[in-house]
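Okay, so here's the structure we're looking at.
The values are calculated or read from the model by the stated rules, or taken from the named source; none is laboratory data. This is a predicted model, so every value here is computed, not measured. Neighbour counts run over all protein chains shown; Cβ positions are idealised from the backbone, glycine included. Side chains are part of the model used for accessible areas, which takes the heavy atoms of the whole protein and leaves out ligands, DNA and RNA. Shrake-Rupley method; radii C 1.70, N 1.55, O 1.52, S 1.80 Å.
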Amino acid sequence: MPETAIGLAALGAILSARLLYQWIRSRTQVQSVRLTQQGTSDRVRDLPPGSKVTERRVGEELHIEVGIVGGDARE
């Protein structure tokens, strides 16, 4: 009987550690993406209208056109 309790406690500890690891990992990924997007926003914010920006990262490519060129207003 004590062996069963010890085994269940160990299993609970392992599962809790795994859950904590997954939670920390996902939070880190979210914050990394947030910082990357914030950096892109800061760079684009300083550009004049009509500018085009292309950012390449591993596995993705981002194209941004800033503002309206020559009064070409789209509704």
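Yes/no per residue for (1) in contact (Cβ under 8 Å) with a residue 12 or more places away in the chain; (2) outside any strand (DSSP E or B):
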site	(1), (2)
4	no, yes
22	no, yes
40	yes, yes
43	no, yes
48	yes, yes
55	yes, no
63	no, no
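A count restricted to region 2-53 and to residues that are among the β-branched types (Val, Ile, Thr) and either open to solvent by less than 60 Å² (accessible area, probe 1.4 Å) or in contact with a Gly (Cβ under 9 Å, 6 or more places away or on another chain) (or both) stands at 4.
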